[in-house]
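For reference, the structure is listed below as structure tokens.
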Amino acid sequence: MRTIAVLCLSVSTGVSCAQLLNFTAAIDGSVNGSGVSATGSGMVDIDQAARSEGTLTFSNLPENFDPLAPSLLSNLCANAFQDQGGTQNLWALGGGNYDVSRTFQWLGDSQSQLFMDSQVSRVGDDIVSDSTLTGTYAGPTDIVGVRSYAITWVPSSAPGEVFEAGTMVLERAGGSELILQFTSVYSGLAGSLQQTQFGSGEFDVSFDGTTLSVGWDGQFRVPTPAAALPLGVGLIALRRRRS
């Protein structure tokens, strides 16, 4: 059994320790009618003191599909988001055990829609993520980076369930932008979200044709009531689809 790595850094106010929890991830499914499969690993800092990172190596990759276009490790990333000021991150809610159902869409591209269903579980000192990715992607294949990442979490009336709406602004090789929007339902959580909250993240990504590398950090904050209202209304369609 592997142990949890602890990395401590000296700072002006004392000592900051990063508790790095190992994860493994597997993705299988079909995109554009062709099989897709990848396995990977990395570390998530559940103490929110250092950057988390991971890789996915593809053994099957459909033509005309860019694995940088969706956010394939975002079912894990919010475990490490800073949960200060009364917010709750994914680790606080689930402790490494939950399910995620997510839909990816891209602005201006009515032909592309991907679905990812994930089961995440704590096995010993590891987090294990198994995902199924299906759908169609007809967008660009020249993504080189992530300019911004923002999510909103809304509590559900059902215990252990959270609704999510997110936006990623992706950078293309020529400098233009591609905007990804995603909606998610986290379920099977041990705890329940107490209030609507915003999240923002910084991502470093790269893909060499076989291996996708991702490093990230992020934080949550509580929105003002005026900002929370339209975001909650925007998730009504997601609630109805699951009812």
Residues within the stretch 50-60 that are in contact (Cβ under 8 Å) with a residue 24 or more places away in the chain, farther than 17 Å from residue 127 by Cβ and either under 11 Å from the mean Cα position of the chain (by Cα) or surrounded by fewer than 19 Cβ atoms within 10 Å (Cβ to Cβ) (or both), tallied: 2
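For the stretch 121-144, which residues satisfy the criterion of being closer than 27 Å to residue 19 by Cα and in contact with an Asp or Glu (Cβ under 7 Å, 6 or more places away or on another chain)? Working first, answer last.
Here is the first cut: in the stretch 121-144, the ones closer than 27 Å to residue 19 by Cα are 121-131.
Passing the criteria: only 131.
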The stretch 132-144, residues that are assigned to a strand (DSSP E or B) and touching a Lys or Arg at 6+ places or on another chain (Cβ under 9 Å): 143, 144
Name the residues in the stretch 8-39 that are of a type in the set (Gly, Ala, Ser), at pLDDT 95 or above and not in a strand (DSSP E or B), would you? 33
Selection status of residue 191, in a loop (DSSP other than H, G, I, E, B), modelled with pLDDT of 95 or more and at positive phi: no
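Determine, yes or no, whether residue 67 is farther than 23 Å from residue 199 by Cβ, modelled with pLDDT of 95 or more, assigned to a loop (DSSP other than H, G, I, E, B) and not hydrophobic (A, V, I, L, M, F, W, C).
Details: farther than 23 Å from residue 199 by Cβ: no; modelled with pLDDT of 95 or more: yes; assigned to a loop (DSSP other than H, G, I, E, B): yes; not hydrophobic (A, V, I, L, M, F, W, C): yes.
No; evaluated as a whole, the condition is false for this residue.
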Would you pick out the residues in the stretch 170-184 that are surrounded by fewer than 18 Cβ atoms within 10 Å (Cβ to Cβ) and of a type in the set (Phe, Trp, Tyr)? none
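From the list 99, 109, 83, which residue is acidic (Asp, Glu) and surrounded by fewer than 18 Cβ atoms within 10 Å (Cβ to Cβ)? Walk me through it before giving the result.
Working: 99 fails: surrounded by fewer than 18 Cβ atoms within 10 Å (Cβ to Cβ); 83 fails: surrounded by fewer than 18 Cβ atoms within 10 Å (Cβ to Cβ).
That would be 109, the only listed residue that is acidic (Asp, Glu) and surrounded by fewer than 18 Cβ atoms within 10 Å (Cβ to Cβ).
Within the stretch 145-187, how many residues turn out to be of a type in the set (Gly, Ala, Ser), over 20 Å from residue 115 (Cα atoms) and assigned to a strand (DSSP E or B)?
Narrowing the stretch 145-187 to residues of a type in the set (Gly, Ala, Ser): 145, 148, 150, 156-158, 160, 165-166, 173-176, 184, 187.
Subset that is over 20 Å from residue 115 (Cα atoms): 145, 148, 156-158, 160, 173-176.
Next, from what is left, pick out any that are assigned to a strand (DSSP E or B): 145, 148.
Count: 2.
This table checks each residue for (1) closer than 18 Å to residue 187 by Cα; (2) at pLDDT 95 or above; (3) among the hydroxyl-bearing types (Ser, Thr, Tyr); (4) out of contact with any Phe, Trp or Tyr (no Cβ under 8 Å at 6 or more places or on another chain).
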| residue | (1), (2), (3), (4) |
| --- | --- |
| 100 | yes, yes, no, no |
| 106 | no, yes, no, yes |
| 116 | yes, yes, no, no |
| 119 | yes, yes, no, yes |
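The values are calculated or read from the model by the stated rules, or taken from the named source; none is laboratory data. In this text, all values refer to a predicted model and were calculated from it rather than measured experimentally. So basically every Cβ, Gly included, is an ideal-geometry build from the backbone, and we count neighbours across all protein chains shown.
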